[in-house]
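Chemist: This is the structure, below, for whatever I ask next.
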Amino acid sequence: VTYIEPTEVKQIAVVGGGLIGASWAAYFLAKGFSVAVFDPSAEARGRVRSLIAAAWPAMIAAGITSVPDPRMPSLHDDLNGACANADFVQESGPEDIDLKRELFARIDGATPGHVVIASSSSSLLPSDYQVTAVYPERVLAAHPFNPPSLIPLVEIAGGGQTSSDAVDWAMDFFTLIGKVPVRVRREVPGYIANRMSAALFREAVDLVASGVASVADVDKSITAGPGLRWAAMGPHMIYHLAGGQGGYRQYLEHLGPAQQRRWQSLGESPLTPDIIDILVAGIEDELDRHSVHDATHARDMLVARIMNAIVDVSAPHPS
Ligand SMILES: NC(=O)c1ccc[n+]([C@@H]2O[C@H](COP(=O)([O-])OP(=O)(O)OC[C@H]3O[C@@H](n4cnc5c(N)ncnc54)[C@H](O)[C@@H]3O)[C@@H](O)[C@H]2O)c1
């Protein structure tokens, strides 16, 4: 199979117009693609439009687009209509394996075999959902980080039947359109970023559940501390710099044992109803009467400012 040049992609089908599908649509529209969204739900039309409109200001602030008014996709209640003429498909339907398998069979049937079909799925693996496709070699995961309209990271993972050409194509395509793709060499649950997030979140829950700190102080311990460094450099490079002249080797040999002792003391509180109540009460204190809408807006505008700052840094950084 010969895939079209990534530079020749003009039309993108987004299958599933929920939180993630609408956010992908906003990004593709901002990058000048013609976008067709399929969603069977009657409310999807209005919701997709309002999600795109809400995503647009932060994309302007982040320099992703300079078009002042949001562009809009065509909205379809039939999958074939949305996939007709698609040069690339980004699937973002509900997280349900039977439904994904059915969807991939239908998308596979609606597009020629040289069109790459990517799934946003966070917890299902391509080997599981590509099985219903007649051309499974072009099915892969392109897993975004919420919101895909803004966050550059896209994790690219192939399944057992995915061709390396399709994975290479996706790496090239997402690089071309301004994303930061990473290659997941072996399918594992949570891929890369969500595995690291899960390791941190397990401890964030346990610190509250075991009475070490409040929800707000746990959150502050990231945003006012390591979170600032992590926006600039990843955990490996941070510890390389922490090793001084001797670099990462010095750090690992001298401070590695302290890290290993900490690993042994990490907790794992179960998410019992009592602990859930404590976490929810803590987040309400932290929100301090601000709405989730305000907090989402604040997150996106801050992320946009950080992204602008990162572009100005000349030292090595993840992108
Ligand atoms: N929410 C996140 O933070 C996040 C992050 C990364 C990836 N994802 C992944 O993105 C995907 C979508 O998640 P979401 O949070 O947008 O969910 P969502 O529930 O907001 O959206 C799902 C959409 O799919 C539509 N739908 C229902 N049946 C469908 C069908 N047969 N065909 C097409 N669309 C159908 C629904 O109407 C809804 O609009 C999931 O696979 C999820 O794992 C989610």
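Chemist: Mind checking the angle between helix 164-176 and the chain's longest principal axis? C-alpha axes, 0 to 90 degrees, to the nearest 10.
Modeler: Between the helix axis and the principal axis of the chain, the angle is about 80 degrees.
Chemist: Still on this structure, I have one more. Does region 100-194 come out rounded, prolate or oblate by the C-alpha gyration tensor, with a ≥ b ≥ c the root eigenvalues, rounded set by a/c under 1.5 and, if not, prolate when a/b is larger than b/c and oblate if not? Please list the in-between numbers first.
Modeler: Values: a/c = 1.63, a/b = 1.40, b/c = 1.16.
Prolate is the answer for region 100-194, as a/c is 1.5 or above and a/b outweighs b/c.
Chemist: Here's something else I'd like to know. Kirkwood hydrodynamic radius of the chain from all distinct Cα pairs, in Å?
Modeler: Working: mean 1/r = 0.0467 Å⁻¹.
Across the chain, the inverse of the average 1/r is 21.4 Å.
Chemist: How high is the relative contact order of region 187-275, given as a whole-number percent (alpha carbon pairs under 8 Å, six or more residues apart)?
Modeler: Relative contact order here is 31 percent.
Chemist: With an 8 Å Cα cut-off and a minimum separation of 6 or more residues, compute the relative contact order for the chain in percent.
Modeler: Answer for the chain is 15 percent.
Chemist: I'd like the distance separating the alpha-carbon centroids of region 179-215 and region 74-91, in whole Å.
Modeler: That distance is 33 Å.
Chemist: While we're here: Any chance you could run the full-extension gain for residue 102 through residue 311? It's 0.36 nm times the residue separation minus the Cα-Cα distance, nm to one decimal.
Modeler: Details: separation 209, 0.36 × 209 = 75.24 nm, distance 4.12 nm.
Once the chain is fully extended between residue 102 and residue 311, it gains 71.1 nm.
Chemist: Hey, another quick one. In terms of the Cα gyration tensor, with a ≥ b ≥ c the square roots of its eigenvalues, is region 179-319 rounded because a/c is under 1.5, prolate because a/b exceeds b/c, or oblate? Walk me through the numbers on the way to the answer.
Modeler: Details: a/c = 1.77, a/b = 1.22, b/c = 1.45.
Judged from the Cα gyration tensor, region 179-319 comes out oblate (a/c at least 1.5, b/c at or above a/b).
Chemist: In whole angstrom, how far apart do the alpha carbon centroids of region 46-60 and region 143-175 sit?
Modeler: Each part's Cα centre sits 23 Å from the other's.
Chemist: Another question, then. If you line up the long axis of helix 44-61 against the longest principal axis of the chain, both from Cα atoms, how many degrees apart are they, to the nearest 10?
Modeler: Computed tilt is about 50 degrees.
Chemist: Given a 10 angstrom Cα cut-off, can you work out which residue in 278, 117, 192 is the most mobile in a GNM of the chain?
Modeler: Fluctuation is largest for 278.
Chemist: Taking only Cα atoms, what is the 0 to 90° angle, nearest 10, from helix 292-312's long axis to the longest principal axis of the chain?
Modeler: It works out to around 90 degrees.
Chemist: When only Cα pairs under 8 Å and 6 or more residues apart are kept, what is the percent relative contact order across region 67-126?
Modeler: Details: 48 pairs, mean separation 23.9, N = 60.
Normalised by residue count, the contact order of region 67-126 is 40 percent.
Any read-out appearing in this document is the output of simple, stated calculations on the displayed coordinates, not a laboratory observation. Note that this is a predicted model, so its numbers are computed, not measured.
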